[in-house]
Amino acid sequence: MSKFQLKWGILATGGIAETFARDLYPNPECRGVKDVEHTVVAAASSSSVDRAQKFLKEVRAPESAKAYGSYEELVKDPNVDIIYIATPHSHHYQNAMLCLSAGKNVLCEKAFTTNAPQLEALIKKAKEKNVFLMEAVWTRYFPLSIYVRDIITSGKIGKVSRTFADLSMIMLPENTFDDSHRMVNPDLAGGALLDLGIYALTWIFQTLYTTQKDPKAPTVVSAMRKYKLGTDEQTSMLLTFPATDARGEAHGIATTGMRTGADPDGKGTAGAPIRVQGEEGEIQIFHPAFRPTRTKLVLKDGTVEEKEWTQPGPGKESGWKNGFGGDWQPEGEGQGMFWEADECAHALKEGRKEGQYESLQESLVIMQVMDEVRKQNGLKYPEKIETLEYPVQI
Ligand SMILES: NC(=O)C1=CN([C@@H]2O[C@H](COP(=O)(O)OP(=O)(O)OC[C@H]3O[C@@H](n4cnc5c(N)ncnc54)[C@H](OP(=O)(O)O)[C@@H]3O)[C@@H](O)[C@H]2O)C=CC1
Ligand SMILES: O=C1OC[C@@H](O)[C@H](O)[C@H]1O
């Protein structure tokens, strides 16, 4: 059987760009995916062409891969099928508009944009150009997430009426980040909500919204504690999802922050920060919400089922180690960003224009929730990054 080959262009060469591109290297067969293959055919850096060249070497791209010193050159490369955007949140709208306008398929890092109107404009552009567009919320595509959603839709834990989800990490921003860092800098749409809170919301949504036949947008009330730069360092949200055919009204409690930890000792001692609760029991998902590897099903009849979800890799003998933020996975394991890459390949192979586990409509509803939370708490980013104007130099 001939395999579908997806040729990637990587836009930006920072931390997650490297992790993602490294994850494209192992043969998908090592995770049981037999019908698609990935190749990095180009990378672009806004810093310099040398940086792009170095990046291609680091991720073991083929010798023939092209290095570009600007994003504008990358989108003109006819050999590139799809572009992965890995810039800070502030830049996603401008970068994605550049790619879509050039007729390129796009996988864009979270948070998709700084606000919902920007995302609406991107969706409109993708439709006009008839290209694929997806938010890179990698967690959605993990086998673990598929399992959790299946538990819910199978009725095993009964009608679900509440999900708790926390992604907080003790990072003490004043000790950890320069004021210019993307985690705290308003010019880069920093703060806990768009960076970490989106994962807490992902768990709320994929358990209370994605699993419904006719999902309805929630209302939200929220509170926010601000960092000295005006961005949020802690945000708490209570979402109410209207009743659907399958169940009554449901509540989602999503929290995020940089001063408390969902797993303070790193050993799971504090318990599961994600709990999906129904009339027959609950399914728990352990920290970190962005890359969980452990679940626990607890039913009222006494059943307890614990599962480990190691990310598959190419095997120890390959000598290939995958990495994330300097934290290298054990040999033989992968990071897990390849699942979303496989989804892009499958979508393009099948002619789909969006991801199957998070539709563009769902990404938009989540963005609307984050807009409302920011509005309730007076968090505005600079106009140049909230604007719908394109192109704008930022
Ligand atoms: N899925 C996940 O697990 C993770 C996702 N992310 C997401 O990925 C995105 C990037 O994060 P991360 O890789 O950590 O960020 P980095 O700061 O490490 O990299 C961002 C890159 O964007 C480019 N860039 C262009 N303009 C700017 C600018 N004005 N300021 C800073 N960088 C700029 C640079 O690349 P160049 O010079 O080559 O153009 C830079 O290296 C964010 O959206 C974040 O939320 C981040 C971490 C984990
Ligand atoms: O997406 C992410 O996941 C891991 C976090 O450490 C990082 O800040 C965030 O961007």
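Compute the convex hull volume of the Cα atoms of the range 143-308, divide it by the residue count, and report the result per residue in Å³ as a whole number.
Dividing the Cα hull volume of the range 143-308 by its residue count gives 113 Å³.
If I build a Gaussian network model for the chain, linking alpha-carbon pairs within less than 10 angstrom, which residue out of N377, N105, N95 has the largest mean-square fluctuation?
Per the Cα network of the chain with a 10 Å cutoff, N377 tops the list.
Relative contact order for the chain using alpha-carbon pairs under 8 Å, separation at least 6, rounded to a whole percent?
18 percent
Over all alpha-carbon pairs in the chain, figure out the percentage whose distance exceeds 33 Å.
Roughly 29 percent, once rounded to a whole number.
Within the range 143-308, how many Lys pairs that are eight or more residues apart, or on different chains, come under 27 Å at the alpha-carbon?
16
Treating the beta-carbon of each Lys and Arg as +1 and of each Asp and Glu as -1, no other charges, what is the dipole magnitude of the chain about its Cα centre, to the nearest 20 debye?
Roughly 280 debye for the chain.
Nearest 500 deg cm²/dmol is fine: what mean residue ellipticity at 222 nm does the chain get from its DSSP H runs of n ≥ 4 alone, each adding -39,500 (n - 2.57), divided by its residue count?
Helix contribution divided over all residues of the chain: -8500 deg cm²/dmol.
Would you work out if the range 97-211 is rounded, prolate or oblate? Take a ≥ b ≥ c from the square roots of the eigenvalues of the alpha-carbon gyration tensor; rounded if a/c is under 1.5, else prolate when a/b is larger than b/c, oblate otherwise.
oblate
With every protein chain present, what is the per residue accessible area of the chain (1.4 Å probe, Å²)?
41 Å²
Which of the residue pairs K57/K104; K3/K57; K7/K349; K3/K353; K129/K353 have a Cα-Cα distance greater than 18 Å in the structure shown?
K57/K104; K3/K57; K3/K353
Of all the accessible heavy-atom surface of the chain, with the other protein chains kept in place and a 1.4 Å probe, what percent is carbon and sulfur?
That fraction is 49 percent.
Let me have the relative contact order for the range 143-308, percent, based on Cα pairs under 8 Å that are six or more residues apart.
This gives 28 percent for the range 143-308.
Count the DSSP beta bridges whose two residues both fall in the range 143-308, then state the antiparallel fraction as a percent rounded to the nearest 5.
85 percent
Restricting to the chain, what percent of DSSP beta bridges are antiparallel, rounded to 5?
If I count the DSSP bridges inside the chain, around 55 percent turn out antiparallel.
Pull out the extension gain between K127 and V221, defined as 0.36 nm times the separation in residues minus the alpha carbon to alpha carbon distance; nm, one decimal.
Value of the extension gain: 30.6 nm.
7 Å from Cα along Cα→Cβ at both D50 and V304: what's the point-to-point distance in nm?
Once both label points are built, they end up 5.8 nm from each other.
Projected onto the charge dipole of the chain (+1 at Lys/Arg Cβ, -1 at Asp/Glu Cβ, origin at the Cα centre), which of L6, L193, P28 gives the Cα projection farthest towards the positive end?
Of L6, L193, P28, it is L6.
The values are calculated or read from the model by the stated rules, or taken from the named source; none is laboratory data. What you are looking at is a predicted structure, and each value in this text was computed from that prediction instead of being measured. Positions of Cβ are backbone-derived with ideal geometry, glycine not excepted, and every protein chain shown enters the neighbour counts. Just the protein is used for accessible areas: all its heavy atoms, side chains included, with ligands, DNA and RNA removed. Shrake-Rupley method; radii C 1.70, N 1.55, O 1.52, S 1.80 Å.
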